[in-house]
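Report on the following structure.
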Amino acid sequence: MLELINPTCDLHSEFIDMVAEYQERGESRLFDQTNLPLIQENFSAYIQYLENNSKGINLKPGFVPATTFWLVAQRKLILGESQLRHWLVPNLEHRGGHIGYMIRPLQRSKGYGTQILAMTLEKASNIGLSRVLLTCNQDNLASARIIQKNQGKLASEGFLENSDTVISRYWIDL
Ligand SMILES: CC(C)(COP(=O)(O)OP(=O)(O)OC[C@H]1O[C@@H](n2cnc3c(N)ncnc32)[C@H](O)[C@@H]1OP(=O)(O)O)[C@@H](O)C(=O)NCCC(=O)NCCS
């Protein structure tokens with residue numbers, strides 16, 4: 001049974017295992033490293049921080065309210081997480097879009113990436129969005145495929161400023 005849930009203290013040790021999995025596979029960059037002490041030492045404060053982000057409380061300058069979801073199997077295994085940004089600012093229009101997602105390394109290529117986006121699109125509809133922007137690096141073939149399988153329509157592609165990275169931007173109508 002797959003569910004997209006709000007973060008909960010009940011899955012603390014599972015979350016720690018997932019973070020270790022990212023670290024072991026050299027993917028720590030996927031986490032905001034400044035949150036690691038909170039995750040390890042005061043998990044309930046981390047959960048509160050995520051709730052505050054969702055409600056727009058104590059946001060960092062330039063940030064918009066963003067809700068984090070966990071994709072969970074059998075109510076106990078965290079497979080991945082997504083983030084739904086409630087509206088766009090120029091920075092997110094350029095790179096980031098409304099939704100970000102990641103699947104933990106050992107659970108990839110099982111269709112969960114496609115499912116987490118589909119389930120997060122429902123959440124986007126629930127908060128009143130009628131279309132969402134998705135962005136990914138042009139060479140991130142798995143992510144591009146996930147977006148296309150969720151009816152993403154390519155809108156533009158372009159270089160990131162001062163970089164040779166090409167970003168693809170897609171819109172999905174809800
Ligand atoms: C991108 C990511 C979410 C994919 O998750 P996943 O669970 O492996 O995705 P899925 O299993 O749903 O696969 C989606 C599609 O991509 C394809 N795919 C998977 N890995 C691939 C790869 N390395 N190269 C090309 N295609 C790939 C799959 O075959 C599938 O297509 P299909 O249904 O036509 O066969 C995962 O690799 C990840 O978390 N990466 C790091 C974070 C990230 O890049 N997030 C996206 C930012 S835009």
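Which ³J(HN,Hα) values, rounded to whole Hz and listed in residue order, are derived for the stretch 95-100 from phi using the Karplus coefficients 6.51, -1.76 and 1.60 in 6.51 cos²θ - 1.76 cosθ + 1.60 with θ = phi - 60°, glycine and proline given as x?
8, x, x, 7, 10, x
Got a sec? How would I16, I146 order by Cβ neighbour count within 10 Å, fewest to most?
In increasing order of surrounding Cβ atoms, one gets I16, I146.
If each residue's Cβ is checked for other Cβ atoms within 10 Å, how do R95, R169, R29 rank with the fewest at the top?
Exposure proxy ranking, most exposed first: R29, R95, R169.
When a/c reaches 1.5 or more, the comparison of a/b and b/c decides; with that in mind, is the chain rounded, prolate or oblate per its Cα gyration tensor?
Here the chain falls in the rounded category.
Expressed in nm to one decimal, what extension gain is obtained for the pair Q74 and N162 from 0.36 nm per residue of sequence separation less their Cα-Cα distance?
27.2 nm
Rounded to the nearest 0.05, what FRET efficiency do D17 and S109 have when you use their Cβ-Cβ distance and R0 = 25 Å?
Efficiency for this residue pair is about 0.80.
Going by how many other Cβ atoms sit within 10 Å of their own, how do D17, D164 line up, fewest first?
Listed from fewest to most nearby Cβ atoms, that is D164, D17.
Using the charge dipole of the chain (Lys, Arg: +1 at Cβ; Asp, Glu: -1 at Cβ; taken about the Cα centre), state which of H86, Q148, L38 has its Cα farthest towards the positive end.
Toward the positive end, the furthest listed residue is Q148.
Would you mind checking the stretch 53-80 for residues with the amide N under 20 Å from a putative spin-label position 7 Å along Cα→C-beta of M1?
69-80
For a Förster distance of 25 Å, can you work out the FRET efficiency between the beta-carbons of L174 and K60, rounded to the nearest 0.05?
With R0 = 25 Å, the Cβ-Cβ based efficiency is 0.35.
Where a number appears in this text, it was derived from the coordinates with a stated rule and is not lab data. Bear in mind that the values here come from a model prediction, so they are computed numbers and not experimental data. Ideal geometry is used to build each Cβ from the backbone, glycine not excepted, and the neighbour counts take in all protein chains shown.
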